[in-house]
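Worksheet: one structure, shown below.
The values are calculated or read from the model by the stated rules, or taken from the named source; none is laboratory data. In this text, all values refer to a predicted model and were calculated from it rather than measured experimentally. Glycine gets a Cβ as well: all are built from the backbone with ideal geometry, and neighbour counts include every protein chain shown. In case anyone asks, the SASA skips ligands and DNA or RNA and just uses the protein heavy atoms, side chains included. Shrake-Rupley method; radii C 1.70, N 1.55, O 1.52, S 1.80 Å.
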Amino acid sequence: MNSRHRLIAIVLAAIGLLVLPLILQGYGNAWVRILDMALLFVLLALGLNIVVGYAGLLDLGFVAFFAIGAYMFGLLASPHLSDHFPAFAAMFPNGLHTPLWLVIPLGALLAGAFGVLLGAPTLRLRGDYLAIVTLGFGEIIRVFLNNLDHPVNITNGPKGIGQIDSIKFFGFDLGKKLNILGFDVAPVTMYYYLFLALVVVSVVICHRIEFSRIGRAWMAIREDEIAAKAMGINTRNMKLLAFGMGATFGGVSGAMFAAFQGFISPESFSLMESVMIVAMVVLGGIGHLPGVILGAVLLASLPEVLRYVAGPLQSMTDGRLDASILRQLLIALAMIVVMLLRPRGLWPSPEHGKVRRTKGGPA
């Protein structure tokens, strides 16, 4: 495909992405909401791809950064702190309503700091041992969020935090319906465009990183850490940078999730969510941006789409099978079939695992 054809394809794809929610809105906001959640999971998958795909560090606790970003925004954009801390209420009598331009950098910085804290004690670990430690980190964060309601109520425990502000910027409130020339644009559609903009920026950042000096260093560590160290790469700093930079995407996605939902609780950040994010990266194609995006969109939207399949199947069994369990069974079967037929992912990287031929020699 030459540059002209590629440009035409990009323009057509951009027009399709801009028009898609407006079309789906006519069939109900539920379909647009599925797209919104898919875009949030694309952000998470792009962040995890930096850690797993580029640096080769298996992270099973990535949902912890998602939770950190969500609770940061929940505390800074809800009446929770004012209701439980009189000193805070005296400083901010009308509550603290954090603007968008402050939310995104704060979510990224806080999650990135926790990413470095996670990476510091795991520098000497590899493979299964690293996976176990990161899994434990994710569970520790969830348990803390579930229990930090006594003796000082910080997270409100299992009851969660509600009444979270919607995103507001330039006079627009994304939580309210917008009328443009007699056409109503639903809040879920406006959130879609915000999430889409964040995804586009994240894809550009990841693409630039992949072909940068840092990206090459990560890939060298992924292929052979000892050889990378012998070549003069500071593997310690590179690993910490991978953990920190990957976590920033999770923090931003978590903040957007809290604003979109208006309510958060520890149940939204379980181990299953971490497993699903890893599955998105592996299923799509480790280290390949188009594959990671495809895997995230499919696995985020498939459970919702299968609701319409599980219902009729449940009625065929006279209600013996629960619809939610049947839906998970169908997802698991689909993943097994895909990995059997496409072990490198649905859209793997063309360079990964490819043996170059040399002149006058065998492959």
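Just give me the residues in the range 174-201 being outside any loop (DSSP other than H, G, I, E, B), more than 12 Å from Phe260 (Cα to Cα) and open to solvent by less than 40 Å² (accessible area, probe 1.4 Å), in sequence order. The answer is Val185, Leu196, Leu198, Val199. Does the range 144-151 include one or more residues that are in a helix (DSSP H, G or I) and closer than 16 Å to Ala247 by Cβ? Within the range 144-151, not a single residue is in a helix (DSSP H, G or I) and closer than 16 Å to Ala247 by Cβ.
Gln25 meets the conditions (1) farther than 30 Å from Glu223 by Cα; (2) at pLDDT 90 or above; (3) open to solvent by less than 60 Å² (accessible area, probe 1.4 Å) in every case but one. The failed one is (2). Restricting the search to helices (runs of 4 or more DSSP H) fully inside the range 268-319 and requiring at least 3 residues that are in contact (Cβ under 8 Å) with a residue 40 or more places away in the chain and among the β-branched types (Val, Ile, Thr) gives 271-284, 289-305. Of all residues in the range 152-173, those being part of a helix (DSSP H, G or I) and in contact with a helix residue (DSSP H, G or I) (Cβ under 7 Å, 6 or more places away or on another chain) number 2. The residue that is nearest to Gly244 (Cα to Cα), counting only those in the range 205-218 that are open to solvent by less than 30 Å² (accessible area, probe 1.4 Å) and aliphatic (A, V, I, L, M), is Ile209.
I need the full set of residues from the range 234-285 which are of a type in the set (Val, Ile, Thr) and under 29 Å from Gly162 (Cβ atoms), in order please. Correct list: Thr248, Val252, Ile264, Val275, Ile277. Scanning the range 320-345 for residues that are open to solvent by 50 Å² or more (accessible area, probe 1.4 Å), within 26 Å of Val281 (Cβ to Cβ) and outside any helix (DSSP H, G or I) yields Arg342, Pro343, Arg344. Listed by first and then second residue, the pairs with beta-carbon distance under 7 Å, at least 6 apart or on different chains, first residue in the range 1-25 and closer than 28 Å to Phe183 by Cβ, second aromatic (Phe, Trp, Tyr) and open to solvent by less than 100 Å² (accessible area, probe 1.4 Å), are Pro21/Tyr192; Leu24/Trp31. Applying the condition of being touching a Pro at 6+ places or on another chain (Cβ under 7 Å) and within 20 Å of Val63 (Cβ to Cβ) to the range 111-168 and asking which residue is surrounded by the most Cβ atoms within 10 Å (Cβ to Cβ) yields Leu145.
Just give me the residues in the range 77-110 being part of a helix (DSSP H, G or I), open to solvent by less than 50 Å² (accessible area, probe 1.4 Å) and among the small types (Gly, Ala, Ser), in sequence order.
The answer is Ser82, Ala89, Gly107, Ala108.
Applying the criterion of being part of a helix (DSSP H, G or I), touching a residue at least 12 places away in the same chain (Cβ under 8 Å) and of a type in the set (Val, Ile, Thr) to the residues of the range 202-241, the residue that is farthest from Val19 (Cα to Cα) is Thr235.
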